[in-house]
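Below is one structure, written out as structure tokens; comments come after it.
The values are calculated or read from the model by the stated rules, or taken from the named source; none is laboratory data. Remember, predicted model here, so these are calculated numbers, not experimental data. In this analysis, Cβ positions are derived from the backbone assuming ideal geometry, glycine residues included, and neighbour counts consider all displayed protein chains.
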Amino acid sequence: MVQNRRVFLKTAAAAWAAAAWPRGTAAAQTPASGDDLAWLTLSEAGALLRDRKVSAVELTRACLARIERLNPRLNAFITITAEQALRAAKTADTEIAQQKWRGALHGIPIALKDLIDTAGVKTTAASAIFADRVPRSDAEVVVRLKNAGAVLLGKLNMHEFAYGDSSAQSHFGPVRNPWSVERVTGGSSGGSAAAVAVGLCYAALGSDTGGSIRQPAAYCGIVGFKPTYGLVSTRGVVPLSWSLDHVGPMCRTVMDAALTLQPIAGYDALDTNSLAATPPDYAAAVRTRTQGLRLGIPRAVFYENLDPEIEAAVTEALRVLRGLSASVQDVQLPQYKTLPIVAAEAYTYHAPYFTKTPDRYQPMTRRRLEAGSRVTASAYIEGRRELDRLRRAVLAVFQTVDLLVTPTTPILPVTVEDAVKDPGTPPPGGVAPSLRNTQPFDVYGLPCVSLPCGFSKGGLPIGLSISGPPLGEGSVLALAHAYEQATEWHRRRPML
């Protein structure tokens, strides 16, 4: 019976691959076992589900089995909702059998960063402060994912309250990088990146205030997409900074990111920061031609003091991109000093807890909140005015170019041992070195993707970032997809 099942899955996958996968790709691998099923891309799994070649229950069990086996080494999940996930998967299978297809995420197992509220399921933000917090209602993005038929596997570990770059400062212990468990995953969406990278889920949601989707995506060798500020609702997401917080997908391919973005993007009347924008068909946008795109290279700051291996990988990536676009030219982005907005807004949210039990916070979080308590009203107001100015000023660069290309991070991930040490005083300006290249795009509010562009000699992933104008998600995804298809970096898997 087992052999028959393997033959059936092999035949089904091959038939679908012949119609949907381009020749010469490695996408048509036989999903003959649970591990093979878990390594399907989201788009591959979705096509097989819709044709009823595999079931949502099978996909969910495959992910749960890998979580049980690998999570003890990685510490990516804080809460695993196995029974709830299997019930949702059974419901999805019934609906699909009745031809009640909800879209690309229907029956797909995904997971959520543990600052996204889930009704009846703990949302801890990786802190002792919220260790037993159980929300009464879902965040807006969770409502939309459920309406799309997604299967939620659980909640993912992170840097406490999203206030850091390593995911090593967590009440539940550090997240470990699947490419080298002695290294950090980056942060703050470290659990999301690790889970996707090692096949514990087909996609995850993360949040990004200074680079917390893109930097861990780079460190874990996956695709991380930060949308335009306000395109995806943050209502029901534990805030770090209301003025800078973004929510977005983390996946193994660019197409998967587009498919995951689709149902969560769009106006939320109850979110005061939400944009009244109608999202296009992102999957269609991914496939558009890129030969007419003009690329801008902001060399000042972004290309300075790079790790030599990162510099070499990005230089080669630029060579590939020249062949996929119309032109490449140097550009200058608006310069600014670090704004006190994050510190002030973070302290404002945490004041009721911080004034009572500051000792329950991780050392790094505590020091940063203390610094936020000292931001004056005038400094904050000036910072908010400067933020508005910068978001207008950056538009000028897109009069001469269509997209921007940068290294995602200037440095490779540090060890967990170094990251868990008492950090002492926060770095000058409050921005960690690993977030130097990502934080500006949160300030500008621009859509930005990180995707793999190489590996270090030690086997650590290296990320390339592509950014566009406000609501330029389609062009960003299209160029990222074209680069992905021209290279092989996204096909590598961690060997755990």
**OP:** Could you identify the single residue in Ala317, Ala346 that is in contact (Cβ under 8 Å) with a residue 60 or more places away in the chain, in contact with a Cys (Cβ under 9 Å, 6 or more places away or on another chain) and part of a helix (DSSP H, G or I)?
**Re:** Ala317
Original post:
With Ala104, Ala111 as the choices, which residue is closer than 29 Å to Ser212 by Cα, in a loop (DSSP other than H, G, I, E, B) and of a type in the set (Gly, Ala, Ser)?
Top reply: Ala104
Original post:
Taking the stated definitions as given, is Gly199 among the small types (Gly, Ala, Ser), at positive phi, touching a residue at least 24 places away in the same chain (Cβ under 8 Å) and outside any strand (DSSP E or B)?
Top reply: yes
Original post:
Which members of the range 349-389 meet the condition of being within 29 Å of Ala419 (Cβ to Cβ), of a type in the set (S, T, N, Q) and either over 25 Å from the mean Cα position of the chain (by Cα) or assigned to a helix (DSSP H, G or I) (or both)?
Top reply: Thr355, Thr357, Thr365, Ser373
**OP:** Being touching a strand residue (DSSP E or B) at 6+ places or on another chain (Cβ under 7 Å), closer than 16 Å to Val247 by Cα and of a type in the set (Gly, Ala, Ser) is the filter here, so list the residues in the range 134-187 that pass it.
**Re:** Ala139, Ala162
Original post:
Got a number for residues in the range 288-314 being outside any loop (DSSP other than H, G, I, E, B), farther than 22 Å from Gly472 by Cα and among the charged types (D, E, K, R)?
Top reply: 2
**OP:** Give me the pairs, please: first residue somewhere in the range 247-269 and part of a loop (DSSP other than H, G, I, E, B), second residue anywhere and surrounded by 24 or more Cβ atoms within 10 Å (Cβ to Cβ) and small (Gly, Ala, Ser), beta-carbon distance under 7 Å, and either six or more positions apart or on two chains.
**Re:** Asp268/Ser233
**OP:** Name every residue in the range 215-249 that is aliphatic (A, V, I, L, M) and touching a strand residue (DSSP E or B) at 6+ places or on another chain (Cβ under 7 Å), in order of residue number.
**Re:** Ala217, Ala218, Ile222, Val223, Leu231, Val232, Val237, Val247
Subject >> Subset of the range 326-340 that is in a loop (DSSP other than H, G, I, E, B) and more than 25 Å from the chain's Cα centre (by Cα) - its residue that is nearest to Arg391 (Cα to Cα) >> reply: Pro334
Original post:
Of Ser207, Ser188, which residue is closer than 11 Å to Ala162 by Cβ, modelled with pLDDT of 95 or more and in a loop (DSSP other than H, G, I, E, B)?
Top reply: Ser188
Subject >> Only listed residue being under 17 Å from Val254 (Cα atoms) and either within 24 Å of the chain's Cα centre (by Cα) or buried (at least 16 other Cβ atoms within 10 Å of the Cβ) (or both), chosen from Val301, Val314, Val286 >> reply: Val286
Original post:
In the range 390-420, which residues are among the aliphatic types (A, V, I, L, M) and either part of a loop (DSSP other than H, G, I, E, B) or in contact with an Asp or Glu (Cβ under 8 Å, 6 or more places away or on another chain) (or both)?
Top reply: Val401, Ile411, Leu412, Val414, Val416, Val420
Original post:
Looking at this structure, is Ser241 farther than 15 Å from Pro461 by Cβ, of a type in the set (S, T, N, Q), buried (at least 24 other Cβ atoms within 10 Å of the Cβ) and touching a residue at least 12 places away in the same chain (Cβ under 8 Å)?
Top reply: no
**OP:** From the list Ala478, Ala486, pick out the single residue that is surrounded by fewer than 24 Cβ atoms within 10 Å (Cβ to Cβ), of a type in the set (A, V, I, L, M, F, W, C), farther than 19 Å from Ser180 by Cα and in contact (Cβ under 8 Å) with a residue 24 or more places away in the chain.
**Re:** Ala486
**OP:** Would you mind stating whether Thr91 is at pLDDT 95 or above, surrounded by fewer than 17 Cβ atoms within 10 Å (Cβ to Cβ) and of a type outside the set (Asp, Glu)?
**Re:** yes
